[in-house]
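Asks: After the structure tokens below, expect a handful of questions from me.
The values are calculated or read from the model by the stated rules, or taken from the named source; none is laboratory data. Since this is a predicted model, take the numbers as computed values, not measurements. Ideal geometry is used to build each Cβ from the backbone, glycine not excepted, and the neighbour counts take in all protein chains shown. Side chains included, ligands, DNA and RNA excluded: accessible areas come from the protein's heavy atoms. Shrake-Rupley method; radii C 1.70, N 1.55, O 1.52, S 1.80 Å.
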Amino acid sequence: MAKDYCVLGIESSCDETGVALVRVSGAGLPVLLAHALYSQIEMHQAYGGVVPELASRDHIRRVLPLTQEVLREAGQTLQDVDVVAFTRGPGLAGALLVGAGVACALGASLGKPVLGVHHLEGHLLSPFLSADPPEFPFVALLVSGGHTQLMRVDGVGCYQILGETIDDAAGEAFDKSAKLLGLGYPGGPALSKLAEIGNPAAFKLPRPLLHSDNLDFSFAGLKTAVMVQAKKLAAAQNCTAEALTHVVLADLAASTQAAIVEVLVKKSLAALLATGLQRLVVAGGVGANRSLRAQLSRVCTQRGVRVHYPELHLCTDNGAMIAMAAAMRLQSGIQVADEVYAFDVKPRWPLDAIQAPGA
Ligand code: KG4
Ligand code: ZN
């Protein structure tokens, strides 16, 4: 690989089409030149969740115009792209195939190599795009729509899972509770917005596995508790859960958020204690949650722990994190880009399967 090169990143694993261009110069942190995102939220809203077939079709419509937009904004042309990276998995198979197909077609037509990236590694390394990038090693709290994991990260490709959810992810707990409360999709941002005006101590909801002697999580019971509480309140008011008053819904939302956040914060602290590390990195969509950020920042400051987040707009899915993860993999020499354009995607793909050799 030349000393200086550009990596184009394409994300299409779920309901966001993201494209970005980063420049690698020697051993310095790769720099984001431009990125563009198209969110399908409005399209899926009518169905109350992501419809995979519609998602794939929409990625097809968006990916090339977004690529042109990114190149224009970066003042580059397709010929300036040295490597094309795409999300290989995990995610929706059809949606992943769109990014993989376009990346391989671009690579083959330009005579440039392609690199399939792990979506969660993208999230994990996204704080390196922030104004306050972390340094290795650190504990990572990865909280997305489908995953909740605590990890020890010693370098690119050196990931040791310390604990993870045994059922629902934190993002799912937000989304499913929000749905029960009639807040629609995507539930996390809606629930956290409503929670801002609610009382987090209004309802006593369970903190699953809070005192377990490991670093695992369990959030499935929480949504059941929210449902039971909502039904009880609705029966008392002789209405449906969705028709509860705004004040009651806000209190329920705030109590739900408080339960999720407390577990995430306490387990993160336990992971820091167990590893002896003094640095925490938060990544994934739930990392955008204001209450989580405020509480983590407060307890970490008290303990002299540095905490790093992705920029708010790069917490949820985007192309920048895919370009960045590819660039950092190439830079660290643990992976070379491939000139065989076989677009195999991995809808199910554990993060520790991409461990660097010898890690
Ligand atoms: O990382 P992400 O964009 O997608 C996956 O890789 O899964 O995460 C999406 C998840 C959804 O569950 C969404 O509800 C949640 O992140 N989320 C939030 C917030 N913004 C997004 N959850 C709580 N508070 C937020 N502000
Ligand atoms: Zn994601």
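Asks: Would you mind stating whether Val281 is in contact with a helix residue (DSSP H, G or I) (Cβ under 6 Å, 6 or more places away or on another chain), open to solvent by less than 10 Å² (accessible area, probe 1.4 Å), touching a residue at least 60 places away in the same chain (Cβ under 8 Å) and outside the structural domain of Glu11 (by TED's automatic domain parsing)?
Replies: yes
Asks: Pairs needed: first member in the stretch 237-261, on the phi < 0 side of the Ramachandran plot; second member anywhere, modelled with pLDDT of 95 or more and β-branched (Val, Ile, Thr); C-beta distance under 7 Å; at least 6 residues apart or different chains.
Replies: Ala250/Ile197; Leu252/Val226; Thr256/Val226
Asks: Right, something else. Could you check, for the stretch 210-218, whether at least one of its residues is over 30 Å from Leu273 (Cα atoms) and among the aliphatic types (A, V, I, L, M)?
Replies: no
Asks: Restricting the search to the stretch 1-21, which residues are touching a helix residue (DSSP H, G or I) at 6+ places or on another chain (Cβ under 7 Å), closer than 18 Å to His59 by Cβ and open to solvent by 10 Å² or more (accessible area, probe 1.4 Å)?
Replies: Cys14, Asp15
Asks: In the stretch 110-130, what residues are surrounded by fewer than 23 Cβ atoms within 10 Å (Cβ to Cβ) and within 11 Å of ligand 2 (Cβ to nearest atom)?
Replies: none
Asks: Ok, one more. Any idea which residue in the stretch 318-346 is farthest from His35 (Cα to Cα), counting only those that are of a type in the set (Gly, Ala, Ser) and under 24 Å from the mean Cα position of the chain (by Cα)?
Replies: Ranking the candidates gives Ser332 first.
Asks: Is there a residue in the stretch 178-185 that is buried (at least 23 other Cβ atoms within 10 Å of the Cβ), under 17 Å from the mean Cα position of the chain (by Cα) and in contact (Cβ under 8 Å) with a residue 40 or more places away in the chain?
Replies: No.
Asks: Can you find a residue that is surrounded by fewer than 21 Cβ atoms within 10 Å (Cβ to Cβ), assigned to a helix (DSSP H, G or I) and not assigned by TED's automatic domain parsing to the domain that holds Ala169 anywhere in the stretch 246-256?
Replies: No, the stretch 246-256 contains no residue that is surrounded by fewer than 21 Cβ atoms within 10 Å (Cβ to Cβ), assigned to a helix (DSSP H, G or I) and not assigned by TED's automatic domain parsing to the domain that holds Ala169.
Asks: Need pairs with beta-carbon distance below 6 Å; first residue buried (at least 19 other Cβ atoms within 10 Å of the Cβ) and within the stretch 330-359, second among the aromatic types (Phe, Trp, Tyr); sequence gap 6+ or separate chains.
Replies: Leu351/Tyr159
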